[in-house]
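Engineer: Submitted below is the structure of interest, expressed as structure tokens.
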Amino acid sequence: MRVAAAAAVLAWLGILGVSACGSGQSCGVADHGGSAGGFTTPYRALRSVLASHPQWLSETGWAVGGRTAHSVTFRSGNDSVDVVKVSGGGWIVAGVTACQ
């Protein structure tokens with residue numbers, strides 16, 4: 001059941017990520033994931049994405065754009081990184097949207 005719920009959340013986050021780009025912009029959307037245990041904080045999960053330097057992704061200006069008990073969305077301009085809490089208590093990167 002938790003797997004199905006997590007899949008539904010990830011699909012929903014992916015749809016939100018695609019719609020975050022403005023009209024006339026090119027967008028790249030990627031699912032990430034990570035180790036089964038995840039990172040200890042949502043911020044460490046964000047830093048892992050930024051350390052890999054994905055194409056078009058902003059390097060600065062990141063702030064929390066939304067937060068629940070089990071998810072955090074970080075935003076910088078039109079770019080976003082969605083992080084979710086897994087059942088083991090760690091945080092994984094669910095999706096990244098980068099707009100150019």
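The values are calculated or read from the model by the stated rules, or taken from the named source; none is laboratory data. Here the structure is a predicted model, which is why all the values come from computation and not from measurement. Counting neighbours? That spans all protein chains shown, and the Cβs are built from the backbone with ideal geometry, glycine included.
Rundown of residues vs (1) surrounded by 18 or more Cβ atoms within 10 Å (Cβ to Cβ); (2) in contact (Cβ under 8 Å) with a residue 60 or more places away in the chain; (3) within 19 Å of G37 (Cβ to Cβ), yes/no style:
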{"position": "A51", "(1), (2), (3)": "no, no, yes"}
{"position": "Q55", "(1), (2), (3)": "no, no, no"}
{"position": "W62", "(1), (2), (3)": "yes, no, no"}
{"position": "N78", "(1), (2), (3)": "no, no, no"}
{"position": "D82", "(1), (2), (3)": "yes, yes, yes"}
{"position": "K85", "(1), (2), (3)": "yes, no, yes"}
{"position": "A94", "(1), (2), (3)": "yes, yes, yes"}
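Engineer: Can I ask one more? Counting only residues that are of a type outside the set (F, W, Y), closer than 14 Å to A45 by Cα and surrounded by 14 or more Cβ atoms within 10 Å (Cβ to Cβ), which one in the stretch 64-76 is nearest to the chain's Cα centre (by Cα)?
Structural biologist: That would be T73.
Engineer: List the number of the failed condition for F74; all other conditions in (1) closer than 15 Å to A98 by Cα; (2) touching a strand residue (DSSP E or B) at 6+ places or on another chain (Cβ under 8 Å); (3) part of a loop (DSSP other than H, G, I, E, B) hold.
Structural biologist: Here F74 meets the rest and fails (3).
Engineer: Turning to a different aspect of this structure: With respect to the numbered conditions (1) buried (at least 18 other Cβ atoms within 10 Å of the Cβ); (2) modelled with pLDDT under 60; (3) in a loop (DSSP other than H, G, I, E, B), which one is the sole condition not fulfilled by G17?
Structural biologist: Among (1) buried (at least 18 other Cβ atoms within 10 Å of the Cβ); (2) modelled with pLDDT under 60; (3) in a loop (DSSP other than H, G, I, E, B), G17 violates only (3).
Engineer: Out of all the residues in the stretch 77-86, which are in contact with a strand residue (DSSP E or B) (Cβ under 6 Å, 6 or more places away or on another chain) and not in a strand (DSSP E or B)?
Structural biologist: Once the filter is applied, which keeps residues that are in contact with a strand residue (DSSP E or B) (Cβ under 6 Å, 6 or more places away or on another chain) and not in a strand (DSSP E or B), the stretch 77-86 yields N78, V86.
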